[in-house]
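The values are calculated or read from the model by the stated rules, or taken from the named source; none is laboratory data. Quick caveat: nothing in here was measured; it's all calculated off a predicted structure. Positions of Cβ are generated from backbone atoms using ideal geometry, with glycine treated the same way; all protein chains shown enter the neighbour counts.
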Amino acid sequence: MTPPETLAESRQNFPEAARELLADSQIRKNVRHATDVIQAKRNKVVAELPDWQDLREAGSAIRAHALEHLDHYLAQFEANCTRAGGQVHWARDAAEANSIILGLIQKHEAKEVIKVKTMTSEEIKLNAHLEAHGVRPIETDLAELIVQLGHDKPSHFVAPALHKNRQEVREIFQREMKLPELGETPEDLCAAARTYLREKYLRIKVAVSGANFLVAETGSVCLVESEGNGRMCLTLPDVLISIVGIEKVIPRFQDLEVFLQTLPRSATGERMNPYNSIWTGVHEGDGPREFHLVLLDNGRSPILADKEARQTLKCIRCAACLNVCPVYHQTGGHAYRSVYAGPIGAILTPQLHDMKDGRSLPYASSLCGACYEVCPVKINIPEVLIHLRGKIVEEEQKTLGGKLGLWNIGMQAAAFLFADASRFSAAQHLGQMGQKVFVSKSGFIEALPLMLSGWTQTRDLAALPKQTFRDWWAAREEREEKAR
Amino acid sequence: MTDGSRAAILASIQGALGAAADEAAIAAEYDSLPRAYKRIGTLDGPALLELFTDRLLEYDAGVYRADTEGIGAKVGEILKARGVNRIAIPDDLPAEWLPAAFDFVKASRFTEMQLDKVDGVLSACTVAIAETGSIVLQNAPAQGKRSLSLVPDYQLCLVFAAQVVETVPEGFARLEATKNLPMTFFSGPSATADIEMTRIKGVHGPRFLDVLLVV
Amino acid sequence: MRVSLFITCYNDTLFPGTGKAVVRVLERLGHSIEFRPEQTCCGQMHWNTGYLREAVPIIRHFVEVFRDAETIVIPSSSCVSMMRDHYLKAAEMVGDAKLAADVAALLPRVWEFSEFLAKKLGVEDVGATYAHRVTYHTSCHSQRSLHLNDIPLRLLRKVRGLQLVPIENPQECCGFGGTFSIKNADVSSAMLADKVRCVLNTGAEVCTAVDNSCLMHLFGSMHRQRTFTRTVHIAEILASTAEAEPWDERFPVDLPVSVGGTR
């Protein structure tokens, strides 16, 4: 059963989606195991680098600089890529991107294409579009293959199938690859995938990929991977189509020396991932005859206008923030109902939708700050979360329903009280009296009304003490005054 | 083709960013970006090679040594140990590196489909990075096109001591002159950890990797 | 030194004992305390929930009340974090250069309680006795924003009779997050369950921290489960002496090893 596409589609907000996922013990166990393993590896290899903080600083500065001059660097990239024989296309949104890619595939009369894992293609729902037009996309990344054959959705952008354990993968492969005798170790499963895909690499003429970085200075494209399926798709077919978000451009070739240190260590906890491919346009006698790069906007450029939130686009998709997030640990990625889950998803997804979908995502965080601590490009995610919450509140307050909502009324009332100490003190006394109806014999509150019931679902609350601190102090002052 | 979209996207970006800086200002800003990270390594020759060897061994790569005169013989030894016979090579690989008694076939004579049938590939490299155990191949003399080192199941790579640097920035400094060539960084054999985070080697690329360090 | 105490809105209302403990410790160390009764709140709840404009008057009020205070001590790392991380931004948001200047002038005089002891006063042994098995919970703000590192642990190690037990996974959030605990009650409860398990695994009878917000969250679950572990703010441990431990309304019965209570 394919999970729903978005929170809007599933008619849920994050708390509701989360509640559903919290009930799935298997997913929670798998997610916990996977994130524990990656985190341990990541911490080990990061501790090896005494200049890790300097690398983060440089990475952050380079990405911020590139975004500040994005038009300049994109134009430079296009010129250099074209000069080297590549063809650059621009797509304003998902529909345009899908149309361009399908058009190129149809021009070559291909009925099948091999794909390298790219979350960007998930974002635009490329596979569904191709299938609807009689083209069969074949995922070659093991995790994406598992997701595709399992009619599922990715839950983590570095390890998309981390919510599946080996028995579940085996079941999927047995069924879809027609291998009743399939063994059950991870080695058996990988061997099955290798055989299944090998003949496809050697036969299929068109490949679709994403990319990790676009280098403006040279017009080069960099792809970071582990399995080798990327290299297969980038070099064996006649035609290569890469779909890449506009924000992925970096100024110069040399800048890769920073990101190729911080990305592998953050993403998979390795000093370097097995394979990095860097190519520029088309190379005679080496690789595809035709190279097409589709630049995708799809909601990215408006984010640049928001100075506070612009840093969201610095993201290099390492998923370190997912691995460390205590919320993600509990729910896994599907609760976010988006390609981009976890902390970065909580800020990127609503913004890509111009704040019209995923409005509960900025609240899917306790603001613990663990994500900011590990982000290799220093995106201050908690700051952006608060900023987006501010935008949501401001919008809600423009509607009557928002103004009269419980949260707004409660917050306005609290602000009124906090503005003046005597008001605040009066409210405290009111609380001390009013709570009596909620306090049980033990001196604790076990059930609260309305939205506060969320607390008492699983937690008790001690009754308000008989005397506030300020009253105690005032009494003490009085005693001392009398004594003098 | 997509000129309308191009204009629209660039306009959207420019509208979002506000006033554009000129090229000189952008370049100046770029030059002043903070780069306090370690650029230059501190290890000398033997220690450097030892670090590189350690990293390769961690990847379960085989690591061998030879001097320049002994390359051919050593290659023969390594190939024999691996039990392989039919090896694809870049067309311009020096003949003195090739021991007799093995079947070396020049890559240009093969399609990719046929490359799938050879036992392995032998080539040189452009630069190696000790800290990460990485080897960089480019479409350059004695290295061949990219699919050469991809399709066969076994890869034997020659790395000269002078080609080994310590840090990733040093590696990129070496690559600067040929940065427009297609290149591949290898750091261990193909691997995946997609099933329960268990690392499995050799999913699609070569499963077996040997390095001959020429000192 | 004349120390101005900012009790914080929730300590004032829910944990007055913590304030009393701060007073006791600082007076014992020879300093005089002032309490400005006009104080209310730091504005964090509004700011973090997205009511940014509503937070500004609250922030102005704080700055006004403490404008000329020599030193301000706060037994809550999350409130200090609000000031250090967000006050300037709030001033910039409303384009108030004067408020920004006032904030900049005020911040160097603001201290979280445990960092005040260790960094400003240079004191680690405050003459405390608290003969109990204690585990320390690292609140997110104390570590990631204030970088207190091991200051609280160094203070606890100097407490006579205290048996300090380390906790597993100290870096993971307890799930409180202010209004997060209500808006995302299920996830918050799941996070809390994991954290409580770590606390209970230590076998400690007391769990302490520099923030009553986390402690309130932890105790909420531990009390619901009727476990024997109680939560006590670090100030109350540091205020404790061989003669008297601070007394908490939540626990009408004292811990067996204590030497009696005092109101």
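Would a scan of the range C:183-194 turn up a residue that is within 14 Å of another protein chain (Cβ to nearest Cβ), buried (at least 18 other Cβ atoms within 10 Å of the Cβ) and not in a helix (DSSP H, G or I)? Yes: the range C:183-194 contains one or more residues that are within 14 Å of another protein chain (Cβ to nearest Cβ), buried (at least 18 other Cβ atoms within 10 Å of the Cβ) and not in a helix (DSSP H, G or I). Of the helices (runs of 4 or more DSSP H) entirely within the range A:350-416, those holding at least 2 residues that are surrounded by fewer than 20 Cβ atoms within 10 Å (Cβ to Cβ) and touching a Gly at 6+ places or on another chain (Cβ under 8 Å) occupy A:381-396.
When A:D71 is tested against (1) under 27 Å from A:S338 (Cα atoms); (2) assigned to a helix (DSSP H, G or I), exactly one condition is not met: (1).
Scanning the range A:460-470 for residues that are farther than 16 Å from C:I33 by Cβ and surrounded by 17 or more Cβ atoms within 10 Å (Cβ to Cβ) returns A:D460, A:L461, A:A462, A:A463, A:L464, A:P465, A:T468. Restricting attention to the range A:195-218, the residues that are farther than 19 Å from A:L104 by Cβ and in contact with a Lys or Arg (Cβ under 9 Å, 6 or more places away or on another chain) total 6. Any idea which of (1) modelled with pLDDT under 95; (2) under 11 Å from the mean Cα position of the chain (by Cα); (3) buried (at least 24 other Cβ atoms within 10 Å of the Cβ) is the one B:S134 doesn't satisfy? Here B:S134 meets the rest and fails (1). Against the numbered list (1) in contact with a Ser or Thr (Cβ under 7 Å, 6 or more places away or on another chain); (2) over 26 Å from B:F102 (Cβ atoms); (3) of a type outside the set (K, R), B:A27 comes up short only at (1).
Examine the range B:104-121 for a residue that is within 13 Å of the chain's Cα centre (by Cα) and at the interface with another protein chain (Cβ under 7 Å from one of its Cβ atoms), and state whether such a residue exists. Scanning the range B:104-121 turns up no residue that is within 13 Å of the chain's Cα centre (by Cα) and at the interface with another protein chain (Cβ under 7 Å from one of its Cβ atoms). Working only within the range B:178-210, note down all residues that are more than 7 Å from chain A (Cβ to nearest Cβ), in a strand (DSSP E or B) and under 23 Å from A:A40 (Cα atoms). Matches in the range B:178-210: B:K201 only.
Residue pairs whose Cβ atoms lie under 7 Å apart, sitting 6 or more positions apart in sequence or on different chains, and linking a residue in the range A:6-17 that is more than 12 Å from A:S360 (Cα to Cα) to a partner that is of a type in the set (G, A, S) and in a helix (DSSP H, G or I), are A:S10/A:A17.
Restricting the range A:74-94 to residues that are within 21 Å of A:S121 (Cβ to Cβ) and assigned to a loop (DSSP other than H, G, I, E, B) leaves a set whose member that is nearest to the chain's Cα centre (by Cα) is A:D93. A:H33 meets the conditions (1) over 30 Å from B:Q14 (Cα atoms); (2) facing chain B (nearest Cβ under 8 Å); (3) crowded, with 22+ Cβ neighbours inside 10 Å; (4) not charged (D, E, K, R) in every case but one. The failed one is (3).
Highlighted here are the strands (runs of 3 or more DSSP E) found entirely within the range A:157-271 that include at least 3 residues which are touching a helix residue (DSSP H, G or I) at 6+ places or on another chain (Cβ under 7 Å) and under 26 Å from A:G345 (Cβ atoms): A:220-225, A:239-245. In the range A:288-312, which residue that is in contact with a Lys or Arg (Cβ under 8 Å, 6 or more places away or on another chain) and surrounded by fewer than 23 Cβ atoms within 10 Å (Cβ to Cβ) is farthest from the other protein chains (Cβ to nearest Cβ)? So, considering only residues that are in contact with a Lys or Arg (Cβ under 8 Å, 6 or more places away or on another chain) and surrounded by fewer than 23 Cβ atoms within 10 Å (Cβ to Cβ), the one farthest from the other protein chains (Cβ to nearest Cβ) is A:N298.
Residue-by-condition table, conditions (1) of a type outside the set (S, T, N, Q); (2) closer than 14 Å to A:N298 by Cβ; (3) modelled with pLDDT under 95:
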position	(1), (2), (3)
A:Y73	yes, no, no
A:V88	yes, no, no
A:N98	no, yes, no
A:K117	yes, no, yes
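Look at (1) out of contact with any strand residue (DSSP E or B) (no Cβ under 6 Å at 6 or more places or on another chain); (2) more than 8 Å from chain B (Cβ to nearest Cβ) and you find that A:D71 fails only one, number (2). For the range A:445-459, taking the residues that are within 9 Å of chain C (Cβ to nearest Cβ) and either part of a loop (DSSP other than H, G, I, E, B) or more than 41 Å from the chain's Cα centre (by Cα) (or both), the one that is surrounded by the most Cβ atoms within 10 Å (Cβ to Cβ) is identified as A:R459.
Only one entry in B:L175, B:L156, B:L148 is closer than 18 Å to B:V118 by Cβ and in a helix (DSSP H, G or I), namely B:L148. Checked against the criterion of being at pLDDT 95 or above, within 11 Å of chain A (Cβ to nearest Cβ), under 28 Å from the mean Cα position of the chain (by Cα) and surrounded by fewer than 17 Cβ atoms within 10 Å (Cβ to Cβ), the candidates B:R65, B:R39, B:R55, B:R35 yield just one match: B:R39. Taking the numbered list (1) facing chain B (nearest Cβ under 7 Å); (2) closer than 21 Å to A:V377 by Cβ; (3) of a type in the set (D, E, K, R) in turn, A:R252 passes all entries but (1). In the set A:G228, A:G285, A:G281, A:G219, only one residue is free of Cβ contacts under 8 Å to residues at least 24 places away in the same chain and more than 23 Å from the chain's Cα centre (by Cα); that residue is A:G285.
Please verify whether C:H86 is in the same structural domain as C:D12 (by TED's automatic domain parsing) and either crowded, with 16+ Cβ neighbours inside 10 Å or over 25 Å from C:H46 (Cα atoms) (or both), treating the condition exactly as stated. Yes; evaluated as a whole, the condition is true for this residue. Selection of helices (runs of 4 or more DSSP H) fully inside the range A:98-153 by the criterion of at least 1 residues being under 27 Å from A:C315 (Cβ atoms), among the small types (G, A, S) and touching a Gly at 6+ places or on another chain (Cβ under 7 Å) returns A:119-123. The condition (being within 11 Å of chain C (Cβ to nearest Cβ) and either outside any helix (DSSP H, G or I) or modelled with pLDDT under 90 (or both)) is satisfied by just one residue among A:S442, A:S422: A:S442.
Taking the range A:299-312 as the region of interest, how many residues are of a type outside the set (A, V, I, L, M) and either more than 17 Å from the chain's Cα centre (by Cα) or within 30 Å of A:L236 (Cα to Cα) (or both)?
Number of matching residues: 5.
Here B:F172 passes the criteria (1) modelled with pLDDT of 95 or more; (2) surrounded by fewer than 22 Cβ atoms within 10 Å (Cβ to Cβ) except the one numbered (2). Taking the criterion of being part of a loop (DSSP other than H, G, I, E, B) and either within 20 Å of A:G228 (Cα to Cα) or at the interface with chain B (Cβ under 7 Å from one of its Cβ atoms) (or both), the residues of the range A:272-281 that qualify are A:M272, A:N273, A:P274.
Can you confirm whether A:I316 is free of Cβ contacts under 8 Å to residues at least 60 places away in the same chain, over 26 Å from A:S453 (Cα atoms) and within 12 Å of the chain's Cα centre (by Cα)? Criteria not met by A:I316.
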